[in-house]
Amino acid sequence: MDNSNKIKELKKKLSEEIVKEDSNNNLIISLSNEIANLDDNVVRFSVDAGIINRLGKELVGKQETAVSELIKNSYDADATEVNLIFENAWNKGGILTIEDNGHGMNRGQLVNGFMRLSSSDKIHNPVSEKYKRQKAGRKGIGRFATQRLGDKLIIITQTAQLPEALKVIVNWNDFATDKDLLTISNSIEFVPKTKESGTTLIIEGLREGWSDSMIKRVYRYTSELLQPFPLSKKKEEEKENSIDEGFKSNYYRNDNGNLIAIVDEEKAIFQHALAEIEGYILDDGQGCWALKSDKLNFPQEIYAIGNNEKDKDDTSTPFNLIKGVHFKAYYFLFDAKLFAPGTFTFIKELLYEKGGIRLYRNGFRVLPYGEESDDWLGLDKSNNRNIILAQHPNRNFFGFVELNDVSENFEETSSREGLIENDHLNELESFVYRSLTSAVMKITALRGKKVTASQKGYKKENASEKVDNAIHEIKELIVPKTNDNSQDSSNQEEKQKKAESIFEKIKQAREEEKAKQQELIDEINMLRILAGLGLVIGEFVHEVQRFLPGFDADISFLKNAVKDYKDVYERTELLETNVKSFSAYTSYFDKTISRNVHRELEPIELRDVVRNFESVITNDLKRASIKMLPTKYEGYDLFTVPMHPSEWASILFNLYTNSKKAIKRSKSDGEIFIKCGKEDNIVYLEFSDNGDGIPKENEENIFNAFYTTSTVSNHTADDATALTGTGLGLKIIRDIIEFYNGEIYVSTPTDSFNTTIRIEIPKK
C-alpha cells in the first residue's frame with residue numbers, strides 16, 4: 001500500500017474516532033501524527049519521549065541541584081514557607097514531599113507552564129506577581145528536576161480563586177525511548193482542597209538515597225533566597241499584601257508519622273554566632289542593650305545606655321526621638337575554632353555577601369542600609385581606626401533595626417534611596433552604633449583580650465587564673481567582714497548555698513577544661529612525633545637516592561647475565577619493577593620535602609598534582625590489585641588559591657591510603673576514581689573508591705583527631721593489618737583545607753563506588 005492509500009485509511013479511522021461521544025484523544029493524536037509523518041510534501045520535527053529522561057540527566061546533574069530548583073519554584077510562586085519531607089529516603093526507593101503555601105496553579109498555568117517544555121513564562125514575567133521577587137528558578141528545569149529525583153510525580157495544586165484542587169500523576173517510566181512524546185498522556189482530576197493555596201509535589205521511588213549532609217547542602221545552595229531575619233510578627237489587620245514576609249525552607253524526616261527537623265535556620269546560621277545582641281528604647285526614652293553568649297557561658301545581661309556621647313557613664317539622658325526602636329544582631333568572629341566542622345566557610349561567605357545591619361521602617365526594607373557597600377552606622381570606619389580592637393565591621397553582624405514610625409519622623413529621600421538626614425536619624429545611628437560597640441567590647445573582655453588600644457595594665461589571664469580569680473571574688477562577696485555584725489544569718493546562709501553551687505559549677509568547668517587540654521596535649525605530642533618522623537624520612541629518602549643508580553646498574557648486569565635462564569630472568573625483571581616503583585616514591589617524596597622546606601605559596605593546578613600522583617602509585621596499584629579509572633577533568637585552568645605544593649602530596653596519599661584500607665577490608669576488586677572540576681568560585685577534587693564505605697553515623701567523626709578503625713601493626717603483620725593509621729590523616733587534610741577557607745566532606749558516591757570524599761578549594 002502506497003502512502004496515499006495509507007493516509008486515506010488513517011483519515012477514515014480518524015474521522016470515525018472524532019465523531020464518537022467518548023472518543024479516545026490519545027488515539028486521535030496518534031492517528032494525526034501518523035498522517036503527518038506520511039505526508040510526502042513536507043517534513044516535520046518529531047519528539048521521542050526518551051528526551052525527557054535524557055534532559056533530566058543532562059540538565060540536572062546532582063540531586064541536590066534538582067531539589068534546589070524545586071525550592072526556587074516555590075520562592076517564585078510567592079511562597080513564604082516550603083516544607084521538604086523525606087520518608088524512607090536513606091536508600092533509594094523512598095518518598096520526597098515538597099509542599100509550599102505559594103499562589104498555586106490553575107489548569108491553564110499547569111498545562112501551559114509546568115507541563116510545557118521550554119515554557120517562556122519567566123521570560124515574559126521575570127518578577128513574581130505578589131511580592132515582586134526576582135524569579136530565581138531556571139527556565140523550565142523544574143519538571144526535569146522531579147524526573148531526575150524519582151520514578152513517579154504526583155502534583156496537587158490549588159489557588160485561592162478556585163474551590164477545588166487539581167491533581168496530576170506522572171509516571172516517568174512511561175517516557176521510554178521509541179515512543180512519541182505526544183502520545184503519552186497524564187490524567188488530571190479535581191480533588192478537595194487541603195489549604196487556601198499552594199502546591200505539593202510528591203516524588204515517589206527516589207532514584208538515590210539522601211543523607212543528612214546532602215540535605216544540609218540543599219539548604220546552602222538556596223540560602224541566598226532566605227531573609228536572614230524575619231520582621232516582627234504583625235497583627236493581621238496591619239498586614240499588607242505587598243509586604244514580603246520572607247521565605248523559609250524547612251527540612252524534615254518522616255519517622256513513622258513523626259516529623260524530625262534536619263535543618264533549622266537557627267541551627268544552620270545563628271547558633272554559630274559568638275553572641276546575640278539586642279537593643280531597645282523604652283517608652284520613657286531609656287536606652288538598653290542586652291548581651292547573651294552561650295559559647296562564652298555568658299547568660300543574658302541588660303545594660304542601660306544614655307543619650308550622652310561624651311559621657312558613657314551617663315545612663316540617664318533619654319533618647320526622646322526614637323522611642324519604641326528595637327534592634328537585634330548576631331555577632332560572628334572569623335575564627336575557624338569557633339565554628340563546627342564544615343560550617344566556617346559557608347557562614348563566612350554568607351556574612352561577606354549578606355552581613356550588615358538592615359533597617360526596616362513600618363514593615364518595609366529601607367535601602368541601601370545594610371547593603372554590602374553601605375556603612376550607615378559607621379562600623380567599617382570605626383573598625384579601621386583600630387581604637388576599639390574588637391573586630392566590628394558590618395560583615396561581622398547579621399541584624400536588623402525595626403522602626404515603627406507612625407508619626408513619620410523619618411522621611412524618605414525623593415529617590416526613595418535612604419532617609420533624610422535629621423535629628424531622629426542621627427539619634428538612631430548613635431544608639432545602635434554605641435550599643436553594638438559596647439557589646440563587642442564586653443565580648444572581647446570576656447575572651448580575655450585587650451579591648452582598646454589605650455587600655456593600660458592589660459595582662460592576659462590563663463584559664464586557671466580566670467577560675468581562681470572568680471572563686472576569690474565570690475569568697476569576697478560571701479565572707480562577712482570582721483567589723484560587720486549586721487548581716488542577717490538567713491541571708492548569709494542563702495548566699496553560702498549559692499556559693500557552694502557556683503563552686504561546684506566552677507569545679508566541673510575546670511575538669512572539662514583539663515580534659516580538653518589533655519586532648520590537645522595528646523594531639524600536639526602525636527604531631528611532634530610525626531614531625532620528627534618526617535625529618536627522619538626526609539633524611540632517609542635523601543640517603544637512599546644515593547644508592548639507586550647502583551641498583552639500576554646491578555640489575556642491568558644481572559638481566560644480561562641470566563638472559564638464558566627464563567625463571568631467573570623473570571624474577572630479575574620483577575626486581576627491576578619493584579626498584580623502579582621504589583625509586584619513583586623516593587624521588588617524589590624527595591621533591592615534596594625539598595619544596596616544603598622553602599614554604600613557597602603558589603597556585604596549584606589540580607591536573608598537575610593528580611597526574612604526578614598517578615605516575616608514582618602505578619606500580620603500587622598493580623601490587624594491590626587495584627584499578628585506577630581514568631581521571632575525569634571538568635573545565636580548564638583548575639588552579640587553586642596559592643598553596644604549599646607539598647600539601648597536595650599529603651592530601652592525595654592520605655586519601656589513597658584510606659582507600660587501600662577500605663578496599664582491603666571489603667575483599668573486592670578494588671577501584672579508585674578521581675574527578676576534578678570547578679564550580680562558581682571553587683575548584684574541587686572528588687576521591688572515590690569501592691571499599692567497605694563509611695557508616696552514616698561516622699561521616700562527621702572521620703575528620704576528628706585520632707578517630708580510626710585501624711589497629712597498630714609491626715613489620716611482621718599481614719597486609720591488612722599493616723595498612724594502619726594514626727587517626728590523624730583526615731584531620732590533617734581538613735586542617736589544610738580549612739586553612740585555605742575550603743571544605744572537605746563525605747559526598748554521595750556515584751555508580752559502583754561506596755565512598756566519595758569531596759574537597760573544595762577557592763580558585764585562583
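When you scan region 339-362, do you find a residue that is part of a helix (DSSP H, G or I), surrounded by 17 or more Cβ atoms within 10 Å (Cβ to Cβ) and touching a Lys or Arg at 6+ places or on another chain (Cβ under 8 Å), even just one? Yes, region 339-362 contains a residue that is part of a helix (DSSP H, G or I), surrounded by 17 or more Cβ atoms within 10 Å (Cβ to Cβ) and touching a Lys or Arg at 6+ places or on another chain (Cβ under 8 Å).
Of all residues in region 118-139, those satisfying the criterion of being modelled with pLDDT of 65 or more and in a loop (DSSP other than H, G, I, E, B) are ASN125, PRO126, SER128, GLU129, LYS130, TYR131, LYS132, ARG133, LYS135, ALA136. Select from region 26-51 the residues that are assigned to a helix (DSSP H, G or I) and modelled with pLDDT of 65 or more and list them in ascending order. Within region 26-51, ASN26, LEU27, ILE28, ILE29, SER30, LEU31, SER32, ASN33, GLU34, ILE35, ALA36, ASN37 qualify.
The selection criterion, being under 30 Å from ASP151 (Cα atoms), at pLDDT 75 or above and over 43 Å from the mean Cα position of the chain (by Cα), holds for SER23. Just one of (1) within 26 Å of the chain's Cα centre (by Cα); (2) without any contact (Cβ under 8 Å) to a residue 40 or more places away in the chain; (3) surrounded by 15 or more Cβ atoms within 10 Å (Cβ to Cβ) fails for GLU647. It is (2). Suppose the filter is out of contact with any helix residue (DSSP H, G or I) (no Cβ under 9 Å at 6 or more places or on another chain), surrounded by fewer than 20 Cβ atoms within 10 Å (Cβ to Cβ) and of a type in the set (Gly, Ala, Ser); does SER666 pass it? So SER666 passes the test. Scanning region 648-671 turns up no residue that is modelled with pLDDT of 90 or more, touching a Pro at 6+ places or on another chain (Cβ under 9 Å) and farther than 22 Å from ASN741 by Cβ.
The values are calculated or read from the model by the stated rules, or taken from the named source; none is laboratory data. Remember, predicted model here, so these are calculated numbers, not experimental data. We place every Cβ from the backbone using ideal geometry, glycine too, and count neighbours over all the protein chains shown.
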